[in-house]
Amino acid sequence: MTGEKLPLIVISHGRRGWFGGHHDTAAALADAGFVVAALNHPGDTWRDTSGTDSLSLLVERPADIKRLIDYMLDGWPDAARIDARRIGLYGFSFGGYTGLAVIGGNPDLRKGLPNCATSSLLACKQLESGEAPSQPVTSDPRVKAAVIVDPYPAFVFPENNLKEIAVPVQLWSSDPAQSGDGLSGCCAAAIKQGLPTLDYHFVTNAKHFSFLATCTPKEAQGNQAVCTDAPGFDRKDFHQHLHAEIIAFFRKHLAESQ
């Protein structure tokens with residue numbers, strides 16, 4: 001690695017994902033001069049689903065990101081090369097929820113939340129049965145800009161809470177016309193009006209999983225639901241556009257003069 005006072009981007013993966021799920025996006029950011037760090041969220045990876053969808057994960061995921069930033073600024077061997085004033089976040093799906101919480105979205109985790117009573121989400125069942133979060137949700141003011149993709153669950157963010165967010169957000173939405181998977185287009189459009197500083201991108205014909213890295217033939221054979229895009233949709237070409245927009249956004253909002 002070369003350079004000093006480099007900007008840092010942290011990546012939060014989706015439900016049952018893993019830190020390598022956006023490896024092409026991470027590589028594009030690194031090639032553009034950003035330090036990139038991704039982690040596995042304990043209890044919510046493809047190998048460990050012990051906490052998936054739980055109320056505890058809604059609290060712990062943002063805290064995971066704070067610990068990752070702490071490590072990158074203090075424990076990482078090249079920590080001195082990072083400019084602590086220039087930190088961004090990329091969050092996909094449940095990582096989008098995580099990102100919104102980290103930048104101050106203040107999720108409303110209580111019994112009687114609209115849309116929660118009818119949701120199949122385990123966290124909603126826990127809230128409706130009277131459980132409460134074990135601790136407050138962690139925000140981190142060190143994150144100065146965020147790219148949020150198809151955030152889920154978005155219904156835990158009332159519009160007034162989202163308006164407390166003070167950093168720029170680039171919000172991406174897949175296409176609800178592809179909602180046969182139950183995820184595509186579900187969430188971003190529902191919250192975009194609540195975000196005060198917004199760069200919104202709707203991607204026609206994109207499925208929810210079209211934001212993940214392009215699959216190898218072996219991956220496609222083993223996980224068609226994640227790897228198959230809509231007819232005529234070229235994930236590789238789309239990611240070139242996605243990366244160009246993300247890089248431009250972070251360069252603008254994490255400029256060295258800020």
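Filtered by the rule that a residue be under 17 Å from Asn223 (Cα atoms) and within 15 Å of the chain's Cα centre (by Cα), the stretch 185-209 gives His208, Phe209.
In the set (1) modelled with pLDDT of 95 or more; (2) more than 22 Å from Ala225 (Cβ to Cβ), Thr2 fails one condition alone, (1). Restricting attention to the stretch 109-133, which residues are within 16 Å of Cys187 (Cα to Cα), crowded, with 16+ Cβ neighbours inside 10 Å and not aliphatic (A, V, I, L, M)? Across the stretch 109-133, the qualifying residues are Cys116, Ser119. Within the stretch 65-93, track down each residue that is small (Gly, Ala, Ser), buried (at least 17 other Cβ atoms within 10 Å of the Cβ) and over 20 Å from Phe155 (Cβ atoms). Residue satisfying the conditions is Gly88 alone.
Of all residues in the stretch 1-34, those satisfying the criterion of being more than 19 Å from Pro151 (Cβ to Cβ) and either in a loop (DSSP other than H, G, I, E, B) or touching a Ser or Thr at 6+ places or on another chain (Cβ under 8 Å) (or both) are Met1, Thr2, Gly3, Glu4, Lys5, Gly20, Asp24, Ala32, Gly33, Phe34. Residue selection: Ser120 fails the criterion of being farther than 16 Å from Phe155 by Cα and either of a type in the set (S, T, N, Q) or in contact with a Phe, Trp or Tyr (Cβ under 6 Å, 6 or more places away or on another chain) (or both).
Only one of the listed residues (Leu171, Leu212, Leu162) is more than 15 Å from the chain's Cα centre (by Cα), under 24 Å from Leu57 (Cα atoms) and buried (at least 21 other Cβ atoms within 10 Å of the Cβ). That residue is Leu162.
This table checks each residue for (1) over 18 Å from the mean Cα position of the chain (by Cα); (2) in a loop (DSSP other than H, G, I, E, B).
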position: Gly51; (1), (2): no, yes
position: Val59; (1), (2): no, no
position: Lys66; (1), (2): no, no
position: Ala84; (1), (2): yes, no
position: Gly99; (1), (2): no, no
position: Gly105; (1), (2): no, yes
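Here the stretch 37-64 is the region considered, the condition is being charged (D, E, K, R) and buried (at least 17 other Cβ atoms within 10 Å of the Cβ), and the residue that is farthest from Leu89 (Cα to Cα) is Asp53. Does Ile246 satisfy the criteria of being at pLDDT 95 or above, under 30 Å from Gly3 (Cα atoms), part of a helix (DSSP H, G or I) and of a type in the set (Val, Ile, Thr)? Criteria met by Ile246. Only residues that are in a helix (DSSP H, G or I) and in contact with a helix residue (DSSP H, G or I) (Cβ under 7 Å, 6 or more places away or on another chain) were counted in the stretch 226-241, giving 5. Put simply, of Thr214, Thr204 the only residue that is among the polar types (S, T, N, Q) and touching a residue at least 60 places away in the same chain (Cβ under 8 Å) is Thr214.
Restricting attention to the stretch 18-34, the residues that are crowded, with 19+ Cβ neighbours inside 10 Å and without any contact (Cβ under 8 Å) to a residue 40 or more places away in the chain add up to 1. Assess whether Ala37 counts as being in a strand (DSSP E or B), of a type in the set (Gly, Ala, Ser) and either closer than 22 Å to Phe250 by Cβ or in contact (Cβ under 8 Å) with a residue 24 or more places away in the chain (or both). Criteria met by Ala37.
The values are calculated or read from the model by the stated rules, or taken from the named source; none is laboratory data. Quantities reported herein were computed from a predicted structural model and do not represent experimental measurements. In this analysis, Cβ positions are derived from the backbone assuming ideal geometry, glycine residues included, and neighbour counts consider all displayed protein chains.
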